[in-house]
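Below you'll find the structure, written out as structure tokens, and then a few comments.
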Protein chains: 2
Amino acid sequence: MAGNGGTTVGQYLVRRLEQAGLKHIFGVPGDYALRLFDLLQHSRMKVVTTCNELNAGYAADAYARLNGVGGVAVTYGVGGFSLFNAVVGAFAERVPLIVVSGAPRMYERQHHHLLHHTVGDMNLQYAMYEKITVAATVLLTPEQAPEQIDQTLAACLRYKRPVYIEVPVDVVAKPCREPGEFEPDTSISSHRHALDEAAEEAVEMFARAKSPAILAGVEIHRLGLRDEMLALLNRTGYPFATTLLGKAVVPEQHPQFAGVYIAALGGEQPRRVIEEADILMSLGALMTDVNLGIQTARLEAGRMIVANSDQVRIKHHLYPHVSLEDFITELRTGLPKRAPSLSGITHPSRALEGRFVVKPGEKITVKRFYQRLNRFVDGCHMLLADTGDAIFGAGEMFLPQGLEFIGQAFYMSIGFALPGTLGAMLAAPERRAVTFIGDGAFQMTGQELSTIIRHRLNPIIFLLNNEGYTIERVLRDGPYNDLQSWKYHRLPEIFGGGWGCEVRTEDDLEAALRMAQDRPNDLAFIEVRLDRWDYTDGLRKLGQVFNRK
Amino acid sequence: MAGNGGTTVGQYLVRRLEQAGLKHIFGVPGDYALRLFDLLQHSRMKVVTTCNELNAGYAADAYARLNGVGGVAVTYGVGGFSLFNAVVGAFAERVPLIVVSGAPRMYERQHHHLLHHTVGDMNLQYAMYEKITVAATVLLTPEQAPEQIDQTLAACLRYKRPVYIEVPVDVVAKPCREPGEFEPDTSISSHRHALDEAAEEAVEMFARAKSPAILAGVEIHRLGLRDEMLALLNRTGYPFATTLLGKAVVPEQHPQFAGVYIAALGGEQPRRVIEEADILMSLGALMTDVNLGIQTARLEAGRMIVANSDQVRIKHHLYPHVSLEDFITELRTGLPKRAPSLSGITHPSRALEGRFVVKPGEKITVKRFYQRLNRFVDGCHMLLADTGDAIFGAGEMFLPQGLEFIGQAFYMSIGFALPGTLGAMLAAPERRAVTFIGDGAFQMTGQELSTIIRHRLNPIIFLLNNEGYTIERVLRDGPYNDLQSWKYHRLPEIFGGGWGCEVRTEDDLEAALRMAQDRPNDLAFIEVRLDRWDYTDGLRKLGQVFNRK
């Protein structure tokens, strides 16, 4: 397809996607994207088609969280707009996701035909994606395409947020220059004087602090700063909590870990450590309503240092152009080494002391389910929790060293975790996923179980069936929160692989866990029947907060 | 909730939705919309919750096509953005769809919190919907809300296209004025002189015409002009064809009907009648690529009169502000009465002459399937065809008097027809739906079968299983067109109602059809196993056209 044996725009793009770090790409083909899919199919990337585009987006999002970058390819209009919510979610939660969309031919864009999959406005999809990405581009000419591709992908890798590349069908095969090496500058640079001044001010504040603490958030994970963070914690000895979105960004075994801070929705200890700190430093945490316990957080700006990807706020003033990485590095050397001061803090791992004694025949409860699962998961697993009570349940677990945790704890699309399990397992095939999904969330995107089976993946999926949208029931109940009852556990029969079972009692659960371990290569789909008014402490607190408002 | 016993904004909105003609409203609840759902639940409308928002949108779209208006209610962000593609489709296909979205509280909009289900920009969802609706509004104050609601709903009813109403949680309960009667002006008015001049010019052209013809399109249906159209046809005696999107807008039994015109993708006879007409009048047809046979149409503007909802184009000049209704009315009186001139035209009903003789044991083919089904459907049914080869198959059928046809023949989202069946059957419960869906389309939105079962609806759904995206295979084949094989016909067991079966031979099909008739109140879910390279003539022609390009 290339002119005189050279490279085409499509080949250039595909090569760059490989170089950016994609080993898989998710998507659904369609006629405006078929040439692109042909090239992807013949690339080093594995093309993973899903049942629909939204699910492809969720899968690619979870993939990106583990792999460092994710990608999704769709056709124009019907594809791009069906995918939309997943990209909004990735944008909100700082996920580096590359969206590639096919598009009508150049001459079709210029004429005023009403093309299928469009409303006639050929700028519409681009204009919308431009608002939910850090860079968006349409490849209109083969001369400019390479530079556009390089800059767009660099923005994705630098800011760890979604980007959008639209490729008209006929541009795919146009000849363009060879790709060569791809070594984009992905660092977020600091203004030297601002960095020095911010670090100096922070060090001085800590010098006078009596009860300092650190709140660690999701950007530590996204920007790959876990080691720097650990070094800082080890040097300072300060106690720390994580947010819910940032759960396990630093291993929870760390001796200075005080728990997950969700203000009034979380535990008392992390609340006390964070809210009673005389100097609180937030590193990479997003100030979202859920992270802040739906406005129950009692945090005073006057005693806070808040560092995010590219800026630091101290008390009421701002230092723009200070990168989180540089700031942590400066503090690591600038703060004096101290022994941990953990008086009055009980390590959250204590919750796991004592054996879990199965009560045969006893109906399984939410509380006992998470207590049992907390003893089941280990550092070789990854844990995915869907939006709803499942994310509160997972949030309350104490996670073992090495376990990866994925939950959409800010944007909170229900239905994320099942396609997310597909994406996560392809990104980290050496880990077995343990996934918690409510029945309402499952009905959103449940068909993707078939894709998990198709790729012979072996997650252990818990379908938590409490017959409706529990989180909404707690906020405001009505018949609209009820769901049609499915025989969920029999879905593996329909989709052609894995196995399913139904769990009602504690010993049923034991049998299911044993089966999952005895069949390590198979999907385990375990439907847990819970009482419709049984839910976590976190959700109970949410209901109280919500109904006070 | 209302101040001093009066009406609230939420109650006002709900009352207007009822008055606009909604007897059902589709949607998925979420915390920003719970108060609204409470009011909807207590209204005269029936709230129909679906598994996810996109499906709610498709259901409401099909509902609107039959009921004259449809509605969908969702929560903010995750709901609004998941719904998006369905509304783009309704906008493209001229469907009167009311979108109601909950939204964060007023004080939350003004502060710079990162609220769950958002990216922080509280204007984002409105700004996007504004581009795919004919009116979009955010109800910010109880004083202005009634007028905003009235104007927005009137625009929907007038232009038969989607509108968007966003309601912050705390505005729902604010007191506002009583709704009173709702009698919006929904007519599209004509400029009198332009109308007269256009009609006069058209009449003169027809006076000299030797082989005039009419092309009838979807707006005849949307604007409720079937009777006017029939009167015009009966008076003039001109032969006519419909577009694919406009299939059956005029009953196909009409003696002057020449077939469905899809240029090179359709039959020879309608092509000849339309393309060889010396004066061709297009009434309410959208000039889409599919309607025009993917640019194979040979239509010369110089011999055409093209009337759409609010304008008429004659040859190369335009008459703005001429309504389709007025234009047809003028011609009906202005054109002389003539006997039909149908020499050389064979009525399409002839294709149904002769008995269909079942070949026992013979594997069912695509051609024989549609031939048989053409003899099965009657005027009490409605026919839904999903995007893909199914819509070509349905397009080639000759439809009995009274049968309603629904297909997304312009925007072409795959997965539309199953949620569409839910919506259509709730809009017209006296009709039984017969639905054709390919396996690829079904995997997109298949969970909505459970909602069809939940409401005890009795459609006859044919799942046409040819193991992949057939339409794409014809355009360009690759492994990305393959699907995981499901035991589709067993899904009714999972979802808790109706029955399913698998059809491989002609006598299997007979047995299934008998069963469907013998169980008139049950969902029939019939999986038809087709050869993966077996498809309709229409798709074969599409492949030829596409591969020439």
statement: Inter-part gap, Cα centre of the stretch B:19-87 to Cα centre of the stretch B:405-454, in whole angstrom, is 16 Å
- prompt: In whole angstrom, how far apart do the alpha carbon centroids of the stretch A:499-549 and the stretch B:143-219 sit?
  reply: 52 Å
- request: Multiply the residue gap between B:Val203 and B:Ala127 by 0.36 nm, knock off their C-alpha separation, and tell me the result in nm, one decimal place.
  value: 22.9 nm
Space enclosed by the convex hull of the alpha-carbon atoms of chain B, per residue, Å³: 160 Å³
field: Amide hydrogen neighbours beyond the local backbone of A:Leu383, cut-off 5 Å, H modeled
entry: A:Glu404, A:Phe405, A:Ile406, A:Val434
- prompt: How high is the FRET efficiency from A:Asp507 to B:Arg456, r the C-beta distance, R0 35 Å, rounded to 0.05?
  reply: 0.40
statement: With one decimal in nm and the nearest listed first, the spacings from B:Gly6 to its own position in the other copies, using label points 7 Å along Cα-to-Cβ, are 7.1
- request: Over the alpha-carbon set of the protein assembly as shown, work out the extent along each principal axis and list the three values in angstrom, largest first.
  value: 102, 79, 61
The stretch B:281-346-the stretch A:343-367 distance, computed between alpha-carbon centres (Å): 75 Å
- line: Rounded to the nearest 500, the 222 nm mean residue ellipticity computed for chain B from DSSP H runs (n ≥ 4, each -39500 (n - 2.57)) alone is -11000 deg cm²/dmol
field: Across the identical copies, how the B:Arg177 labels are spaced - nm, sorted shortest first, 7 Å along Cα→Cβ
entry: 6.5
- prompt: What is the order of A:Lys359, A:Lys337, fewest Cβ neighbours within 10 Å to most?
  reply: A:Lys337, A:Lys359
- line: Taking R0 as 45 Å and r as the Cβ-Cβ distance between A:Lys337 and B:Ala428, the FRET efficiency 1/(1 + (r/R0)^6), rounded to the nearest 0.05, comes to 0.05
message: Cut-off under 19 Å on the C-alpha distance; same-chain residues fewer than 8 positions from A:Lys174 excluded. Which lysines are left, in chain and number order?
response: B:Lys549
- line: A correct fewest-to-most ranking of B:His317, B:His191 by other Cβ atoms within 10 Å would be B:His317, B:His191
message: Sorted from largest to smallest, which semi-axis lengths in Å does the alpha carbon gyration tensor of the stretch A:354-539 give for its equivalent ellipsoid, taking the root of 5 times each eigenvalue?
response: 22, 19, 17
task: Would you calculate the separation in nanometres between label points at B:Arg548 and B:Met287, each defined as 7 Å from the Cα along the Cα-to-beta-carbon direction?
output: 2.1 nm
field: Relative contact order (%) - criterion: Cα under 8 Å, at least six apart; region: the stretch A:351-422
entry: 33 percent
- prompt: Around A:Val528, which amide H atoms from residues at least 5 apart in sequence, or from another chain, sit under 5 Å from its own amide H, with H modelled in the peptide plane?
  reply: A:Leu463, A:Leu464, A:Asn465, A:Val503
query: Near the amide H of B:Arg161, under 5 Å away, which other amide H atoms are found, from residues 5 or more places off or on another chain, if H is placed in the peptide plane?
result: B:Leu97
Calculated label separations, B:Glu275, copies of the chain, 7 Å along the beta-carbon direction, nm: 7.6
- prompt: Please state the relative contact order of the stretch B:9-171 as a whole percent: Cα pairs under 8 Å, 6+ residues apart?
  reply: 25 percent
Set of lysines near A:Lys160 by C-alpha distance (under 24 Å), chain-local residues within fewer than 8 positions excluded: A:Lys23, A:Lys46, A:Lys131, A:Lys247
field: Pairwise FRET efficiency - B:Gln151 versus A:Leu140, Cβ, R0 = 45 Å, nearest 0.05
entry: 0.70
- prompt: Arranged by the count of other C-beta atoms within 10 angstrom, fewest first, what order do A:Glu448, A:Glu197 take?
  reply: A:Glu197, A:Glu448
22 Å Cα-Cα reach of A:Lys363 towards lysines, excluding residues that sit fewer than 8 places from it in its own chain: A:Lys487
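Each value in this text was obtained by applying a stated rule to the coordinates, not by laboratory testing. As the structure is a prediction and not an experimental result, all values here were calculated from the model. Please note: Cβ atoms are built from the backbone with ideal geometry, for glycine as well, and neighbour counts cover all protein chains shown.
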